[in-house]
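Following: one structure in structure tokens, then a few remarks.
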Amino acid sequence: MEFSIKNGNPEKQRVDCVVVGLFEGGKLSDAAKSLDIASNKAISAVLKNGDMEGKLGATLVLHGAVGASAARVMLLGLGKQAEFSERHYRHAVHAAVKALPKGVASASFFLAELAIKKADIHTKVAQLVEVAMDAAYQVNAIKLKKSEPKTLNKIAIFVNQSENAQAEAGVKHGLAISLGVSLAKDLGNLPPNICTPTYLGEQAKKLAKTYGFKVEVLEKKEIEKLGMGSFLGVAQGSVEPPRLIVLQHLKGKKDQKPVALVGKGITFDTGGISLKPGGDMDEMKYDMCGAASVLGTFKAIGELGLAINAVGIIPTCENMPDAGAIKPGDILTSMSGQTIEILNTDAEGRLILCDALTYAERFEPSAVVDIATLTGACVIALGHHPSGLFSNKDALAHELLAAGEIAHDRAWHMPMWEEFQSQLDSNFADMANIGGRAGGSITAACFLSRYAKKFDWAHLDIAGTAWKSGKEKGGTGRPVPLLTTFLVKRAQKN
Ligand code: BES
Ligand code: MN
Ligand code: ZN
């Protein structure tokens, strides 16, 4: 998709569709007014006839409107003007892109002109780009007959001439995040027989080549040398060899300590010997979405050339049942030296992450954020809108919460009090790998916290937000917007 910033009148655009907004009660935006006048009140007539009320997200496409140079005019409902917010704006843009007729290849959006509290033109343009890209995203389905390629490929965003520079910067920002989100979606959506640990390693190398990252993809022998007994324990049940991917984007000052992002990369989670029930098990291909969000965020900061030092660490393997797989009762020794009694092989995410966290120590990071589809319990606690946020440092938690608000990719701060820790007690090892059903997402975070004592650390449980189920099954690309925004804000502070 190509985005451009333009100035001009809606009636003069020779494109397939011009999109203008109107509020509930028939209040026209400036662009809609301009079109109405040029078209001899064609829009007023539609309102009078009752075909359009301006409800948020409602759309009506007019063909051959007299006085307009475009083939079509889309009227887009914006809801109540007094309530119009960034969230409503995003909802409307999403609805507009989804409702564009099939034949539309080029569209001109007159929406960034709308007044939204606290949103400047940079924000409005960036969000338009992000939402449009999200709405226009198509799965690369593997089908005998390729589905027709969607034709929408050019979006012009209209602003006042004085705003051009800020708007252009908004496009760049929005596009960078969108490309990261798309990559994360693509990786998540791939079938698990293609998106293996080896494949993820190759994708990381490709990214590194494109953006000049430093990259290492460690194989089993090297992972053994590091002493990652916990990670290797999970990997040992699969014929797919594990990988430890390490990416470095070094565009900050030489002495600046890096931010480390650690992503769970289970390319398929059967549960192992503690086998999951069969229903919806296909969705466990999304158990690498933490890893995908790290790669997506690296793509975004690579696109932006962001002045920051960042390290991406991805432990990736499959969790399979096998004669050689770990079993309940086994004890593993992690890279940190702490031992772990396996009580449930389905609690495997924390087992690969704990060693990756220990590995992160060598970078002396200013902060470590891990991202993982870690627990079903998080979905029960928070549903599908916020990601769960846990941290050993309140200031870091608040930075991430704020980034999530700005990016419309929100997280919710969960408790991680000392009291929960004893649920991990084991008679046979330093800790058990599960803490019972009560507060399952919290005890999972408590487990990780034992490997994050040497740095400021936060954990994002994205089990409820990384993908959608049902008819709209697909990766969401979350939390790439949150993570990218977090890094952008950090870069501004440094
Ligand atoms: N990948 C799953 C978590 C998950 C389950 C995410 C369903 C999204 C939807 C994770 O590895 C897992 O199986 N967790 C267990 C932990 C339990 C055994 C303590 C869970 O949540 O049931
Ligand atoms: Mn599991
Ligand atoms: Zn898992």
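Listed values, structure above:
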read-out	value
Qualifying positions in region 280-307 - farther than 24 Å from Gly233 by Cα, of a type in the set (A, V, I, L, M) and either surrounded by fewer than 24 Cβ atoms within 10 Å (Cβ to Cβ) or within 16 Å of ligand 1 (Cβ to nearest atom) (or both)	Leu304, Leu306, Ala307
Boolean, Ser336 is more than 15 Å from ligand 3 (Cβ to nearest atom) and within 16 Å of Ser449 (Cβ to Cβ)	yes
Count of region 430-450 residues which are surrounded by fewer than 18 Cβ atoms within 10 Å (Cβ to Cβ) and either modelled with pLDDT under 95 or among the hydrophobic types (A, V, I, L, M, F, W, C) (or both)	1
Matching residues, region 216-267, being part of a strand (DSSP E or B) and either touching a Cys at 6+ places or on another chain (Cβ under 9 Å) or within 16 Å of ligand 3 (Cβ to nearest atom) (or both)	Arg243, Val262, Gly263, Gly265, Ile266, Thr267
Residue in region 286-319 that is farthest from Ile194 (Cα to Cα), counting only those that are polar (S, T, N, Q) and assigned to a helix (DSSP H, G or I)	Thr297
Residues that are of a type in the set (Asp, Glu), over 19 Å from Phe455 (Cβ atoms) and more than 10 Å from ligand 3 (Cβ to nearest atom), drawn from region 339-384	Glu341
Condition check for Arg437: of a type outside the set (Phe, Trp, Tyr), in a loop (DSSP other than H, G, I, E, B) and touching a helix residue (DSSP H, G or I) at 6+ places or on another chain (Cβ under 8 Å)	yes
Residue match in region 448-455 (condition: within 16 Å of ligand 2 (Cβ to nearest atom) and touching a residue at least 24 places away in the same chain (Cβ under 8 Å))	yes
Cβ pairs under 8 Å, 6+ apart, first in region 473-494 and free of Cβ contacts under 8 Å to residues at least 60 places away in the same chain, second surrounded by fewer than 24 Cβ atoms within 10 Å (Cβ to Cβ) and not in a helix (DSSP H, G or I)	none
Breaking point among (1) within 21 Å of the chain's Cα centre (by Cα); (2) surrounded by fewer than 16 Cβ atoms within 10 Å (Cβ to Cβ), for Ala204	(2)
Condition check for Pro277: within 16 Å of ligand 1 (Cβ to nearest atom) and assigned to a loop (DSSP other than H, G, I, E, B)	yes
Flag for Gly272 being touching a helix residue (DSSP H, G or I) at 6+ places or on another chain (Cβ under 8 Å), within 16 Å of ligand 2 (Cβ to nearest atom) and either among the aliphatic types (A, V, I, L, M) or assigned to a helix (DSSP H, G or I) (or both)	no
Strands (runs of 3 or more DSSP E) contained entirely in region 1-78, each with at least 1 residues that are of a type in the set (Phe, Trp, Tyr)	2-6, 17-23
Qualifying position, being closer than 30 Å to Gln127 by Cα, at pLDDT 95 or above, crowded, with 21+ Cβ neighbours inside 10 Å and within 16 Å of ligand 3 (Cβ to nearest atom), among Ser387, Ser391	Ser387
Filter pass, Ala96 being crowded, with 17+ Cβ neighbours inside 10 Å and under 29 Å from the mean Cα position of the chain (by Cα)	yes
Sole exception among (1) in contact with a helix residue (DSSP H, G or I) (Cβ under 9 Å, 6 or more places away or on another chain); (2) within 16 Å of ligand 1 (Cβ to nearest atom); (3) small (Gly, Ala, Ser) for Gly404, by number	(2)
Failed criterion for Arg362 (all others in (1) within 16 Å of ligand 2 (Cβ to nearest atom); (2) free of Cβ contacts under 8 Å to residues at least 24 places away in the same chain; (3) under 30 Å from Lys206 (Cβ atoms) hold)	(1)
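The values are calculated or read from the model by the stated rules, or taken from the named source; none is laboratory data. Computed from a predicted model, the values in this text were never measured in an experiment. Cβ atoms come from the backbone with ideal geometry, glycine included; neighbour counts cover every protein chain shown.
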